[in-house]
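Please read the structure below before turning to the comments.
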Ligand SMILES: Cc1ncc(COP(=O)(O)O)c(C=O)c1O
């Protein structure tokens, strides 16, 4: 059946097309002037000293971990309720992950209290994820990090343009990592950004992004350099000019698009307070700070069957999703960390359903989704009773 309302949709128009055409006509395809401009504007908008465009959000996380010298023997504490890339990026370095609980149904971000309990003599860093673009408890996390001499990395894949106490998410820790995957608030298909305020971390990211080389092709092309040295085991995590051009246009739309997401989120929240939705919980209703409203999550009542609910939504042409199956429940991670149980995360994750949200959505679309939710909820509860 055709979808009436997809989970997400791009806000792409003639501006994106023109930006890509300009790159093609320039005949310079990777890590050039457009990337530099994108990085400069990104850093300025997010209030950070350095921003490095990279090939995707996973590589942004991996680079951040490498630049902060996370490696074999180290442990990094992170939530299990995140996309698997958050944990994978740590494992690539040879370090181990230690999964921490989320706060609870009202706040799906990492629990500072639980983080503190999981610190050992091997803990090197805390890697937080701003779920849905809602801020983690950063003042508490930074305090724990200071008390135990730990590094803080932010997975801000959901959170471009979000802030807490006036400070951008991604700019709180030693490094912040963004993804520009197709479904993100700033979408380029593939792409990402890693930001930092620290000169020595920036220097390492610069080398490690491009094979550990001391000069770039662009520098040599411009005659700023004639050769290069390799000073570290780097990688090719570069972004190309086409993705940077898309990113620059999307960055300029970000504020308005996030504002529209906030309005739609508010409409959802108001609608769900009406009769017919009893038992549904809406996380982050009390969270402070400015969210980028990346996704809209609801938690189904405990007596509702999620699969039946999602199928009923689909039969009405509305796409839903799950964010996320907790990482520690995946086969690979179960084998690597056997016997691990995170009851708060597991119970909340089993109830989570993500409803459609994207800037081009109409107010009337929210009404359609909510009316489908009402029917699907009734179906999901009735079937369970048999
Ligand atoms: C929370 C989170 N972290 C990391 C990533 C990885 O980003 P990418 O898909 O750009 O590698 C994503 C995106 O899918 C994500 O949602």
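The values are calculated or read from the model by the stated rules, or taken from the named source; none is laboratory data. Remember, predicted model here, so these are calculated numbers, not experimental data. Cβ atoms come from the backbone with ideal geometry, glycine included; neighbour counts cover every protein chain shown.
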Practice problem: Could you tell me which numbered condition residue 276 fails, if it satisfies all but one of (1) touching a strand residue (DSSP E or B) at 6+ places or on another chain (Cβ under 7 Å); (2) within 18 Å of residue 380 (Cβ to Cβ); (3) in a loop (DSSP other than H, G, I, E, B)? | Solution: (1)
Quiz item: Somewhere in the range 217-230, is a residue touching a helix residue (DSSP H, G or I) at 6+ places or on another chain (Cβ under 8 Å), in a loop (DSSP other than H, G, I, E, B) and closer than 28 Å to residue 17 by Cα?
Solution: no
Quiz item: Looking at this structure, is residue 44 within 16 Å of the ligand (Cβ to nearest atom) and within 29 Å of residue 220 (Cβ to Cβ)?
Solution: no
Quiz prompt | Residues within the range 14-30 that are in contact with a helix residue (DSSP H, G or I) (Cβ under 9 Å, 6 or more places away or on another chain) and not in a helix (DSSP H, G or I), tallied | solution = 3
Quiz item: Given the residues 161, 192, which is the only one that is closer than 17 Å to residue 41 by Cα and near the ligand (Cβ under 10 Å from one of its atoms)?
Solution: 192
Practice problem: For residue 269, state whether it is outside any loop (DSSP other than H, G, I, E, B), in contact (Cβ under 8 Å) with a residue 12 or more places away in the chain and closer than 30 Å to residue 363 by Cβ. | Solution: yes
Practice problem: Please state which of the following conditions residue 200 fails to meet, knowing it meets all the rest: (1) touching a residue at least 12 places away in the same chain (Cβ under 8 Å); (2) more than 18 Å from residue 40 (Cβ to Cβ); (3) surrounded by fewer than 19 Cβ atoms within 10 Å (Cβ to Cβ). | Solution: (1)
Quiz item: Taking residue 50, is it touching a helix residue (DSSP H, G or I) at 6+ places or on another chain (Cβ under 7 Å) and either modelled with pLDDT under 95 or more than 16 Å from the ligand (Cβ to nearest atom) (or both)?
Solution: yes
Quiz prompt | Enumeration of residues in the range 131-158 that are touching a strand residue (DSSP E or B) at 6+ places or on another chain (Cβ under 8 Å) and within 11 Å of the ligand (Cβ to nearest atom) | solution = 131, 132, 154, 155, 156, 157, 158
Quiz item: Before we move on, is residue 23 modelled with pLDDT of 95 or more and more than 21 Å from the chain's Cα centre (by Cα)?
Solution: yes
Quiz item: Which condition number does residue 75 fail, the rest of (1) within 16 Å of the ligand (Cβ to nearest atom); (2) more than 21 Å from residue 324 (Cα to Cα) being met?
Solution: (1)
Exercise. Considering only the range 286-312, state which residues are out of contact with any strand residue (DSSP E or B) (no Cβ under 7 Å at 6 or more places or on another chain) and under 15 Å from residue 382 (Cβ atoms).
Key: 301, 303, 304, 305, 307, 308, 311, 312
Practice problem: Check every one of the strands (runs of 3 or more DSSP E) wholly within the range 54-173 and list those with 3 or more residues that are touching a helix residue (DSSP H, G or I) at 6+ places or on another chain (Cβ under 8 Å) and surrounded by 21 or more Cβ atoms within 10 Å (Cβ to Cβ). | Solution: 75-79, 96-100, 107-110, 123-129, 151-155
Quiz item: Does residue 353 fit the bill of being closer than 28 Å to residue 257 by Cβ and in a helix (DSSP H, G or I)?
Solution: no
Quiz item: If we scan the range 25-37, do we find a residue that is in contact (Cβ under 8 Å) with a residue 12 or more places away in the chain and within 16 Å of the ligand (Cβ to nearest atom)?
Solution: no
Self-check item: Near pairs, Cβ below 6 angstrom, 6+ apart or cross-chain, from the range 43-62 (in contact (Cβ under 8 Å) with a residue 24 or more places away in the chain) to any residue that is assigned to a strand (DSSP E or B) and more than 16 Å from the ligand (Cβ to nearest atom)
Solution: 46/168; 47/168; 50/196
Exercise. Specify the residue that is nearest to the ligand (Cβ to nearest atom); the eligible residues are those in the range 174-189 that are assigned to a strand (DSSP E or B) and either crowded, with 24+ Cβ neighbours inside 10 Å or without any contact (Cβ under 8 Å) to a residue 24 or more places away in the chain (or both).
Key: 179
Self-check item: Index of the failed condition, residue 236 passing every other in (1) loosely packed, with under 15 Cβ neighbours inside 10 Å; (2) under 30 Å from residue 12 (Cα atoms); (3) modelled with pLDDT under 95
Solution: (3)
